[in-house]
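Below is one structure, written out as structure tokens; comments come after it.
The values are calculated or read from the model by the stated rules, or taken from the named source; none is laboratory data. A quick note: this is a predicted structure, and the numbers were derived from the prediction, not measured. Cβ placement follows ideal geometry from the backbone for every residue including glycine, while neighbour counts extend to all protein chains displayed. All accessible areas refer to the heavy atoms of the entire protein, side chains included, with ligands and DNA or RNA removed. Shrake-Rupley method; radii C 1.70, N 1.55, O 1.52, S 1.80 Å.
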Amino acid sequence: MEHRGPLVLKCCVLFLLLNGLAFRVSQGQLLPVVDDRGDSTTSYRLRTYIVHVKRPEGARLLTRHELKQWHESFLPNTTLDSGKRRLIYSYREVISGFAAKLTPEEATAMRSMEGFVYARLEVTHRIATTHTPQFLGLSQTGRAWDSGNEGKGVVIGVLDSGIWPHPSFGDDGMPAPTQKFKGSCIPLSGVTCNNKIVGARGFLEGEEVIAIDHHGHGTHVAGIAAANFVEGAEVLGMAAGKASGIAPKSHLSIYKVCFDDVDCPDSGILAAIDQAIEDRVDILSMSLGTTAATSYYFEDAVQLGSLTALRHGIVPVTTAGNGGPMFNTVHHDAPWVLTVGATSTDRRIRAKVKLGNGEEFAGESAYQPDSFDSSIMRTIVYPGEDHCSAESLKTIDVRDKIVLCSAGQTEEVDKGKAVSEAGGAAMIIMNRKKDGYTTSAEAHVLPVSHLSYEDGSKVLAYFKSQKSSSTATIIFGGTVFEQRPSPTVASFSSRGPNNGNILKPDVLAPGVNILAAWPFMVGPNASATPSNPTFNMISGTSMAAPHVAGIVALIKNSHPNWSPSAIHSAIITSAKDTDSDGNYIIDEHTNEAANVFAVGAGQVNPSGALDPGLVYEIDPAIYPKYLCSLGYTTEMVELMWHESGVQCEAEKHINPWDLNYPSISVVLSPDEVIKVSRTVKHVDGSAETYRARVTAPPGMAVELSKQELQFSGPDKEDTFDIDISIESLDKTSRPYGRGKIEWDSDVQLHLNVEYGLPDS
């Protein structure tokens with residue numbers, strides 16, 4: 001039989017030297033109104049509030065107008081003194097409630113009204129490939145594309161900064177969307193629908209607005225997920241080839257929720273998810289981060305809205321965030337969302353630095369002009385730690401010199417513009433320590449080489465030792481492939497652990513120097529307004545998430561009846577925690593093997609996810625009990641679940657590891673044994689037997705209740721228990737480790753378990 005590679009379950013055992021559970025939130029009463037965060041100077045300013053109310057009796061029978069009237073009944077009046085409407089959005093599905101303009105006093109006054117549940121100030125979110133389909137193996141013989149699966153018939157809803165008309169979104173070879181999809185490009189969106197873009201809307205302050213992208217982020221994200229094939233894609237001549245998204249025959253429904261470059265208000269996000277549910281999209285791709293940590297899931301519109309979307313059969317995919325390399329920085333850690341971290345690929349756009357002493361260092365840059373004479377050694381200047389601001393460059397003579405600039409603080413391309421305007425000949429960007437070995441190949445305006453922290457430190461040391469006699473040049477090497485190691489975890493990719501004891505990020509996907517559609521010209525001839533369609537390479541977990549959204553589309557095409565949790569499971573359990581050479585994935589922050597809190601289950605493996613053999617499904621009905629177990633009150637759970645009936649005080653406790661999740665995370669004390677149970681469904685068409693092989697990390701004991709799992713055919717289930725305990729603390733060399741449980745069948749299916757021990 002055909003070999004299907006490693007898959008099926010990856011688990012993490014978290015170890016803290018304390019007793020009891022590490023709850024995500026503490027027990028407490030839900031505050032009826034979250035006000036202006038104590039700022040008395042703003043007490044009379046109108047602000048946007050997200051207001052939760054109980055569902056009126058017979059809510060399902062109400063028209064949108066009747067539901068709006070019910071929501072308006074909570075307001076002091078329907079119009080402001082300016083003549084604008086108070087009610088911004090009346091939500092039907094995503095939450096039971098609305099968004100409205102209120103003062104803190106008006107929000108507090110609602111507390112006494114029958115049916116009122118909770119109100120909080122709106123939070124603003126921030127927006128967080130010619131090669132990656134090949135890098136992920138989609139075009140190889142026998143893989144998804146070669147087998148004809150390009151995501152046909154699946155609709156991906158993209159919440160972002162809109163979309164710009166681009167050849168990537170042409171509909172050559174595209175069928176019409178299925179009759180199930182109910183969305184459209186409304187006239188005010190400014191977007192013309194075709195068989196690729198099948199829906200477009202903009203959401204801002206309750207108004208239907210243009211969905212055209214004037215930032216570029218949304219166009220880029222949509223292109224990664226589902227761009228059609230485009231020949232001749234390149235960025236300033238680099239990374240040239242045929243470009244496409246991961247699911248080139250899937251449809252796109254665009255929901256513009258981000259404005260003023262990067263601001264994405266809660267109210268619009270909830271309205272977009274509400275509309276996407278009504279439009280009946282299949283997937284939500286949300287490359288949206290958070291501006292501040294949230295204590296509760298309902299304070300994050302992405303996680304709150306995703307729970308409702310999941311109940312409608314929609315698969316929510318979002319970013320881990322760009323808060324790495326620090327621990328506990330994952331933005332979206334709810335078990336009902338697929339959370340994606342970022343990796344580098346095996347492609348580099350080489351720009352080598354050669355110093356006057358003969359040392360050479362490999363950097364990157366997309367702009368590699370033939371006019372730059374690399375044979376000329378130029379004097380190095382360094383304006384100090386001010387990150388090459390225009391002001392700092394005024395204090396030194398940079399004319400016809402190579403300028404050393406520290407990474408961060410401002411956009412690297414903007415630093416280059418400042419250096420160029422000051423007369424500099426070239427720029428060397430030196431990573432900060434936290435940036436490690438992750439470098440960017442950006443479309444600069446002058447010759448640049450972006451170096452790792454280690455190499456940049458050596459260049460800086462050379463400059464400090466030689467001062468005015470220090471010289472360097474940049475030698476361009478173009479596009480190179482098969483760089484090792486790859487993939488590697490990007491230093492900026494957010495890390496766990498999180499307080500909810502769910503291993504996050506779930507998986508990793510390409511997110512560094514990703515080429516996709518772009519509205520503007522880039523490089524020296526860059527334009528500030530949309531022009532002839534081009535491409536750009538940018539980095540972030542924002543680029544990683546749509547890769548996974550595209551993979552979900554491929555799975556939906558092959559397995560249209562799979563539940564969101566089955567798809568979730570297939571992606572996690574098929575991921576690989578080793579690189580192209582079979583070694584553990586490297587962390588670009590340290591250049592050492594990445595820990596489980598950076599890697600999650602590992603790099604996505606589309607072919608494995610399409611044929612996982614076994615899946616772990618979760619009935620969404622368990623989530624109210626799970627939330628109760630995290631310390632949520634009954635009122636909080638009703639706010640998220642939109643239904644009464646759950647009584648947290650009477651519910652049986654459910655540990656996070658009791659969820660039938662495709663990873664496991666527990667908290668252990670030294671003498672404790674925790675029993676974890678998992679139910680697995682066989683989704684292959686043949687009868688198979690799986691045999692267990694356990695590899696425990698040093699100091700840990702992992703025992704299975706069964707050594708074999710037998711299935712007579714598809715959709716059969718079996719349950720097994722895992723006893724996890726600490727065998728010897730003396731054998732644990734570090735506060736986290738790895739192990740595996742492999743389930744082998746005749747086709748070498750593997751069940752992998754990973755567990756880590758975070759710092760106490």
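List of remarks:
- Condition broken by residue 352, with the remaining ones in (1) over 30 Å from residue 603 (Cα atoms); (2) surrounded by fewer than 19 Cβ atoms within 10 Å (Cβ to Cβ) satisfied: (1)
- Checking 439, 410 one by one, the residue that is open to solvent by 10 Å² or more (accessible area, probe 1.4 Å), in a loop (DSSP other than H, G, I, E, B) and closer than 19 Å to residue 586 by Cβ is 439 and no other.
- Looking across the range 627-650 at every residue that is out of contact with any Phe, Trp or Tyr (no Cβ under 9 Å at 6 or more places or on another chain) and more than 22 Å from residue 98 (Cα to Cα), the one that is modelled with the lowest pLDDT is identified as 645.
- Set side by side, the residues 387, 331 differ, and just one is under 30 Å from residue 310 (Cα atoms), in contact with a strand residue (DSSP E or B) (Cβ under 6 Å, 6 or more places away or on another chain) and not aliphatic (A, V, I, L, M), which is 331.
- Exclusive hit being within 30 Å of residue 240 (Cβ to Cβ), among the aliphatic types (A, V, I, L, M) and not in a loop (DSSP other than H, G, I, E, B), set 342, 309: 342
- Only one of the listed residues (288, 338, 284) is at pLDDT below 95, of a type in the set (A, V, I, L, M, F, W, C), touching a strand residue (DSSP E or B) at 6+ places or on another chain (Cβ under 9 Å) and surrounded by 24 or more Cβ atoms within 10 Å (Cβ to Cβ). That residue is 288.
- If only residues of the range 635-650 that are over 13 Å from residue 621 (Cα atoms), part of a loop (DSSP other than H, G, I, E, B) and not polar (S, T, N, Q) are counted, the one that is least open to solvent (accessible area, probe 1.4 Å) is 648.
- When residues in the range 713-740 are screened for being open to solvent by less than 40 Å² (accessible area, probe 1.4 Å), closer than 22 Å to residue 574 by Cα and either touching a Ser or Thr at 6+ places or on another chain (Cβ under 7 Å) or at pLDDT 75 or above (or both), 5 of them pass.
- Qualifying residue in the range 530-538 (condition: under 21 Å from residue 742 (Cβ atoms), open to solvent by less than 20 Å² (accessible area, probe 1.4 Å) and not in a loop (DSSP other than H, G, I, E, B)): no
- Among the residues making up the range 354-399, those that are under 27 Å from residue 512 (Cα atoms) and of a type in the set (D, E, K, R) are 354, 359, 360, 364, 370, 385, 386.
- Just one of the numbered conditions (1) surrounded by 24 or more Cβ atoms within 10 Å (Cβ to Cβ); (2) among the aliphatic types (A, V, I, L, M); (3) touching a Lys or Arg at 6+ places or on another chain (Cβ under 6 Å) is not true of residue 448: (3).
Table: residues versus (1) open to solvent by 10 Å² or more (accessible area, probe 1.4 Å); (2) in contact with a strand residue (DSSP E or B) (Cβ under 8 Å, 6 or more places away or on another chain); (3) at positive phi.
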{"residue": "294", "(1), (2), (3)": "yes, no, no"}
{"residue": "306", "(1), (2), (3)": "no, yes, no"}
{"residue": "313", "(1), (2), (3)": "yes, no, yes"}
{"residue": "343", "(1), (2), (3)": "no, yes, no"}
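- Just so you know, in the range 452-493 the residues that are in a strand (DSSP E or B) and of a type in the set (Ser, Thr, Tyr) include one that is nearest to residue 323 (Cα to Cα), and it is 488.
- Qualifying positions in the range 579-592 - closer than 19 Å to residue 663 by Cβ and surrounded by fewer than 21 Cβ atoms within 10 Å (Cβ to Cβ): 584
- The lone exception for residue 476 - which of (1) under 19 Å from residue 365 (Cβ atoms); (2) more than 14 Å from the chain's Cα centre (by Cα); (3) open to solvent by less than 10 Å² (accessible area, probe 1.4 Å) it fails: (3)
- Under the condition of being within 26 Å of the chain's Cα centre (by Cα) and either within 15 Å of residue 379 (Cα to Cα) or β-branched (Val, Ile, Thr) (or both), the residues counted in the range 410-440 number 4.
- Filter result for the condition that a residue is at pLDDT below 80 and not charged (D, E, K, R), over 709, 668: 668
- Out of 256, 242, sole residue that is basic (Lys, Arg) and open to solvent by less than 30 Å² (accessible area, probe 1.4 Å): 256
- Applying the set (1) in contact with a strand residue (DSSP E or B) (Cβ under 8 Å, 6 or more places away or on another chain); (2) surrounded by 22 or more Cβ atoms within 10 Å (Cβ to Cβ) to residue 521 leaves exactly one unmet item: (2).
- Residue identified as assigned to a loop (DSSP other than H, G, I, E, B), crowded, with 16+ Cβ neighbours inside 10 Å and aromatic (Phe, Trp, Tyr) among 626, 632: 632
- Being open to solvent by 10 Å² or more (accessible area, probe 1.4 Å), under 23 Å from residue 165 (Cα atoms) and either under 19 Å from the mean Cα position of the chain (by Cα) or at pLDDT below 95 (or both) is a condition met by at least one residue of the range 262-272.
- Filtering the range 47-80 to residues that are closer than 13 Å to residue 106 by Cβ and out of contact with any strand residue (DSSP E or B) (no Cβ under 7 Å at 6 or more places or on another chain) leaves 76, 77.
- When the range 539-578 is limited to residues that are in contact with a Gly (Cβ under 9 Å, 6 or more places away or on another chain) and part of a loop (DSSP other than H, G, I, E, B), the one that is most open to solvent (accessible area, probe 1.4 Å) turns out to be 560.
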